[in-house]
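Engineer: What follows is a single structure, and I will ask about it in a moment.
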Amino acid sequence: DWGEYTLERKVDFMNKVKHTLLENGDTISAAYANNHIAIFYEQEKKPEEALKYIRENLGPLLLDNHIEYRYINSNAAYRLLKKTGNDKEAVLMADAVIRLKDSLTSQYQRTLLLGLETKYQSEKKEKEIALLNSQNALNELQLERELEIKKRLQIENILKDTAVSHQKSLNEFLTSENILKDARLKKELQLKAALNRENELISNQNQLKETQ
């Protein structure tokens, strides 16, 4: 609250603050200090004194690249020039204010467009990443499905091979069994033939004895 301080004390204090800021290279904050001093003088109805500090801001303190600060101070200069009755310079300052406002508008639009472009590129990148992740997920799912099918086919082939092998073993067993049966049958026939010959021999011997 500056109400209890005299104009001289307020101006002196802000000038000391300004010089300290300038020693530290902070010209923007120093310009703000000048704005405070100008307000002090304007409140005391001393626009000429206030204008000195605004002119300092428009001179060495604020360079051309600080458009927003130049606009604020040019607007203040226009107001103070009108209060001092310097209409001719006020008109020139009004033109400067309009140009600075146009520059600020263009700068704002460029910043806005840049922000929109950055946002668009960011969202585009996010969508591309999401699409890529979706594609990768589909590829993984397809790969898992192909592996599952391949595994199933392998199991089916193993079962087929096992069945074929089992059938082959069974056929071999049946073939062996048939061979054994044939061998037994042949042996039985041979044995039967031998018995028949023996019986025939015995019968012939008996008949011979009877005739004697």
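Engineer: Stretched out fully, how many nm does the piece from Gln109 to Glu148 gain, at 0.36 nm a residue minus the Cα gap? Could you put the intermediate results ahead of the total?
Structural biologist: On the way: separation 39, 0.36 × 39 = 14.04 nm, distance 5.71 nm.
Computed gain between Gln109 and Glu148 is 8.3 nm.
Engineer: Now, a different point. May I ask you to derive the FRET efficiency for Leu180 and Glu140 from their Cβ-Cβ distance with R0 = 45 Å, giving the value to the nearest 0.05? Show your work: numbers first, answer last.
Structural biologist: Details: r = 59 Å, r/R0 = 1.31.
The value I calculate is 0.15.
Engineer: Tell me, which longest segment in the chain has none of the chymotrypsin sites (Phe, Trp or Tyr not before Pro) that fall in DSSP loops with at most 15 further Cβ atoms within 10 Å? Spell out each step's value before the answer.
Structural biologist: Details: sites that count: Trp2, Tyr5.
No qualifying site falls inside 6-212, the longest such stretch.
Engineer: Most mobile of Gln190, Gln167, Gln142 per a Gaussian network model of the chain (Cα springs, under 10 Å)?
Structural biologist: In this elastic network of the chain, the residue with the biggest mean-square fluctuation among Gln190, Gln167, Gln142 is Gln190.
Engineer: Could you state the accessible area per residue of the chain in Å², with a 1.4 Å probe and every protein chain left in place? Write out the running numbers ahead of the final one.
Structural biologist: On the way: 16700 Å² over 212 residues.
For the chain, the solvent-accessible area averages 79 Å² per residue.
Engineer: Just subtract the alpha-carbon distance of Leu195 and Leu22 from 0.36 nm times their residue separation and send over the number in nm, one decimal. Working shown, then result.
Structural biologist: Working: separation 173, 0.36 × 173 = 62.28 nm, distance 14.26 nm.
That works out to 48.0 nm of additional length.
Engineer: For the chain, which whole percent of the accessible surface, found with a 1.4 angstrom probe, sits on carbon and sulfur atoms?
Structural biologist: Details: 9360 of 16700 Å².
So the carbon and sulfur contribution to the accessible surface is 56 percent.
Engineer: Next up: Measure off 7 Å from each Cα along the Cα-to-Cβ vector at Asp12 and Ile98, then give the distance between these two points in nanometres to one decimal.
Structural biologist: 4.5 nm
Engineer: With a ≥ b ≥ c the root eigenvalues of the C-alpha gyration tensor of segment 1-87, is it rounded (a/c under 1.5), prolate (a/b larger than b/c) or oblate?
Structural biologist: Values: a/c = 2.27, a/b = 1.02, b/c = 2.24.
Verdict is oblate for segment 1-87.
Engineer: Please give the charge dipole size of the chain, origin at the Cα centre, charges +1 on K and R Cβ atoms and -1 on D and E Cβ atoms. Round to the nearest 20 debye. Don't skip to the end; give the middle numbers.
Structural biologist: Values: 33 positive and 34 negative charges, 122 e Å.
Rounded to the nearest 20 debye, it is 580 debye.
Engineer: Would you compute, from DSSP H runs of 4+ residues alone, the mean residue ellipticity of the chain at 222 nm, taking -39500 (n - 2.57) per run and dividing by the full residue count, rounded to the nearest 500?
Structural biologist: Values: 5 runs with 187 residues, N = 212.
After summing the helix terms and dividing by the residues of the chain, the value is -32500 deg cm²/dmol.
Engineer: Here's something else I'd like to know. Net charge near Gln190, counting Lys/Arg +1 and Asp/Glu -1 over other residues with Cβ under 14 Å of its Cβ?
Structural biologist: Details: positive: Arg184, Lys186, Lys187, Lys192, Arg197; negative: Asp182, Glu188, Glu198.
Around Gln190, the surrounding residues sum to +2.
Engineer: Test of understanding: in a Gaussian network model of the chain with alpha carbons linked when under 10 Å, which of Asn75, Asn171, Asn133 would top the mean-square fluctuation ranking?
Structural biologist: Of Asn75, Asn171, Asn133, the Gaussian network model singles out Asn171 as fluctuating most.
Engineer: Further question: Can you tell which of Leu143, Leu104, Leu80 shows the greatest fluctuation in a Gaussian network model of the chain with Cα springs below 10 Å?
Structural biologist: Leu143
The values are calculated or read from the model by the stated rules, or taken from the named source; none is laboratory data. Note that the structure is predicted; figures quoted are calculated from it, not measured. As a convention, Cβ positions derive from the backbone with ideal geometry for all residues, glycine included, and neighbour counts pool all protein chains shown. These accessible areas exclude ligands, DNA and RNA; they are computed on the full protein's heavy atoms, side chains included. Shrake-Rupley method; radii C 1.70, N 1.55, O 1.52, S 1.80 Å.
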